[in-house]
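Sending over a structure as structure tokens; questions will come in a sec.
The values are calculated or read from the model by the stated rules, or taken from the named source; none is laboratory data. Note that the structure is a prediction, hence the values are computed from the model and not measured. Cβ sites come from the backbone with ideal geometry, for glycine too, and all protein chains shown count toward neighbours. For the accessible areas, the whole protein counts, side chains as well, though only heavy atoms, and no ligand, DNA or RNA atoms are used. Shrake-Rupley method; radii C 1.70, N 1.55, O 1.52, S 1.80 Å.
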Amino acid sequence: MNHFQNILDYIEENLTSTIEIKELAEMSYYSLFHFYKLFQAVTGLPIKQYIIRRRLIHALYAIQKGREITATAFEYGFDSYSGFFRAFSKEYGMSPSNYLKSNSAMKPYKIQMDKERYKFMNQNQLRKLLSNWDFPIETIQAAIYPNTGNISEFVWEINDSYLLKAFENQENLNKNLTIIPSLPQDFTIIQTTKGADFLEFGNQWYLLMTKSQGNPWLSKNILSSSDYSGRFYGELIGQTSLMLKEITGDFPQTNLLETLSNWAFPVGSPFLAWENEEKLAYMDALIENHPKLDKQLIHRDLNSSNILLVEDSFTLIDFDMAEINVRIFDPCYFTTSILADQFSHEDFSEEKWFTLFHDTMKGYDEIATLTEIEKTSIPLVVIAIQLICVAYFTGYDKYSDLAKTNIAMTNWLIEKYEKLAFIE
């Protein structure tokens with residue numbers, strides 16, 4: 001496996017040069033024939049298409065940063081911008097110009113095989129996979145995360161009417177299969193031609209669903225818009241909490257205190273600018289309060305793009321991280337996800353975010369009635385979430401920008417800690 005990581009590193013470092021497949025095979029110590037087969041088995045893509053995809057990603061980012069488009073296309077091995085255009089459209093189901101009109105290309109990162117969650121898929125592979133469902137395939141387009149503009153590697157829009165999602169393991173698939181039918185949703189799971197709810201294909205699991213008609217909450221709009229108040233968001237999250245509480249199933253149980261003590265605190269805290277006395281006081285308070293906090297099934301990834309507004313109601317998506325944990329994790333995570341999205345922007349407003357934060361907690365309390373110990377523990381859980389984010393993001397090259405943002409905002413939250421207290 002180390003041979004293949006070295007090969008991926010070599011490809012990444014030589015995207016603007018000629019890359020000979022024969023040389024890559026020699027680096028792997030396999031014959032050319034076996035190298036072709038093994039590379040696709042490991043990454044999910046043929047070697048030539050993998051190289052094209054990496055060149056497309058790097059070239060798109062360079063163009064977004066202001067590089068001249070034709071020169072950039074040439075630099076990354078395309079014979080013209082038209083060649084780059086055709087390759088990008090074929091790979092992602094959209095033109096580069098259409099993508100850049102409303103999205104921001106993610107800074108390319110080095111692929112780390114031991115940390116990648118999914119195998120890559122191309123259009124031909126997706127069409128073959130989709131033949132297991134009974135409907136004509138017109139278009140396949142990679143889904144785009146609304147808050148970041150990043151292209152997903154494991155969710156695709158089909159005919160603008162369906163969503164196909166890949167799962168890295170059956171546990172995450174089963175969470176979605178259990179929760180989706182238990183909540184009032186405006187989308188449904190589509191069965192395969194064999195009457196199954198999901199498809200196992202190439203050591204991954206796939207779920208096809210009708211596409212929700214709801215609109216995601218964009219974090220930039222939440223802080224700037226006067227259409228909805230923080231209480232409105234808090235009330236919806238409170239309703240979510242009550243509904244999730246009623247769902248039974250085999251969900252993982254996470255002890256937040258153990259997660260902090262055994263991993264997030266020792267890994268994340270060295271990146272943060274707080275004194276030893278503050279660290280000790282924080283952990284002492286968490287140790288004291290954690291056993292008294294209500295635990296139940298939570299969404300766990302309740303960022304604004306996973307809650308869709310549907311007329312006067314809402315729908316939830318993406319239950320991969322659902323678990324039994326302290327229930328105030330969800331409203332705290334929602335508000336910190338808004339902060340993470342907006343913290344680095346020049347027009348970020350501290351006043352607006354704290355107003356959103358406190359109103360969200362009040363709205364949640366109106367629906368799901370917080371206990372007194374939950375109210376006093378909100379600042380503890382906010383910092384716990386941030387320690388988890390810092391520990392996680394600093395472990396991946398591809399999340400280097402997110403790591404920097406979360407380190408900075410966690411230091412800021414520690415400085416403003418007193419302002420996180422619940423306001424009656």
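Output needed for region 100-213: three equivalent-ellipsoid semi-axes, defined as square roots of 5 times the C-alpha gyration tensor eigenvalues, in descending order, whole Å.
So the equivalent ellipsoid measures 23, 17, 16 Å along its semi-axes.
While we're here: For the chain, count the residues as N, evaluate 2.2 N^0.38 Å, and divide the Cα radius of gyration by that value, please.
1.04
Something else now. Of Val155, Val382, Val42, which has the largest mean-square fluctuation in a 10 Å C-alpha GNM of the chain?
Among Val155, Val382, Val42, the largest mean-square fluctuation in the Gaussian network model of the chain belongs to Val42.
What residue among His358, His34, His299 has the largest mean-square fluctuation in a Gaussian network model of the chain, using Cα springs under 10 Å?
Looking only at His358, His34, His299, the biggest GNM fluctuation is shown by His34.
Write down the accessible area per residue of region 267-334 in Å², having rolled a 1.4 Å probe over the full set of protein chains.
41 Å²
Please report the orientation-averaged projected area of region 328-421, defined via the convex hull of its C-alpha atoms, in nm².
Taking the Cα atoms of region 328-421, their convex hull projects to 5.9 nm² on average.
Carbon and sulfur: what percent of the chain's accessible surface (1.4 Å probe)?
50 percent
Counting only DSSP beta bridges with both residues in the chain, tell me the antiparallel percent, nearest 5. Could you put the intermediate results ahead of the total?
Details: 28 of 29 bridges.
Of all bridge pairs located within the chain, approximately 95 percent are antiparallel.
Would you mind calculating the relative contact order of the chain from Cα pairs under 8 angstrom and at least 6 residues apart, reporting the percent as a whole number? Spell out each step's value before the answer.
Values: 575 pairs, mean separation 58.1, N = 424.
Computed over the chain, the figure is 14 percent.
Rank-order 125-133, 330-338, 370-378 by packing density, defined as the average count of other C-beta atoms within 10 Å over each peptide's residues, highest first.
Ranking, from highest mean packing down: 330-338, 370-378, 125-133.
I need to check one value: relative contact order of region 273-378, counting alpha carbon pairs closer than 8 Å and at least 6 residues apart, in percent.
Value for region 273-378: 28 percent.
Okay, moving on. Which lysines have a Cα lying under 27 Å from the Cα of Lys48, excluding residues fewer than 8 positions away in the same chain?
Lys22, Lys37, Lys65, Lys90, Lys107, Lys110, Lys115, Lys119, Lys128, Lys165, Lys398
Now for a separate question. With N set to the residue count of region 1-61, report its C-alpha Rg divided by 2.2 N^0.38 Å to two decimal places.
1.06
For region 1-105, treating each Cα as an identical point scatterer without solvent, what Debye log10 I(q)/I(0) comes out at q = 0.11, 0.12, 0.19, 0.24 1/Å?
The calculated log intensity ratios at q = 0.11, 0.12, 0.19, 0.24 Å⁻¹ are -0.37, -0.44, -0.94, -1.24.
Please report, to one decimal in angstroms, the Kirkwood hydrodynamic radius of region 252-372 built from all distinct Cα-Cα pairs.
When all Cα pairs of region 252-372 are included, the Kirkwood radius is 16.5 Å.
Excluding Leu297 itself, what net charge comes from residues whose Cβ is under 15 Å from its Cβ, given Lys and Arg +1 and Asp and Glu -1? Write down the numbers at each step before the final one.
Numbers: positive: Lys175, Lys245, Lys295, Arg300, Arg327; negative: Glu171, Glu246, Asp250, Asp294, Asp301, Asp318, Asp320, Glu323, Asp330.
Taking every other residue near Leu297 into account, the sum is -4.
Sticking with this one: How much length would be gained if the chain were fully extended between Arg86 and Asn262, taking 0.36 nm per residue of separation minus their Cα-Cα distance, in nm to one decimal?
On the way: separation 176, 0.36 × 176 = 63.36 nm, distance 4.90 nm.
That pair, Arg86 and Asn262, stretches by 58.5 nm at full extension.
Also: Nearest 10 degrees is fine. How inclined is helix 2-13 to the longest principal axis of the chain, computing both from alpha carbons?
80 degrees
So what's the back-of-envelope 222 nm ellipticity for the chain, counting only DSSP H runs of four-plus at -39500 (n - 2.57) apiece and dividing by all residues, rounded to 500?
-15000 deg cm²/dmol
Helix 276-289 sits at what angle to the longest principal axis of the chain, using alpha carbons and giving 0 to 90 degrees rounded to 10?
Long axis of 276-289 versus the principal axis of the chain: about 70 degrees.
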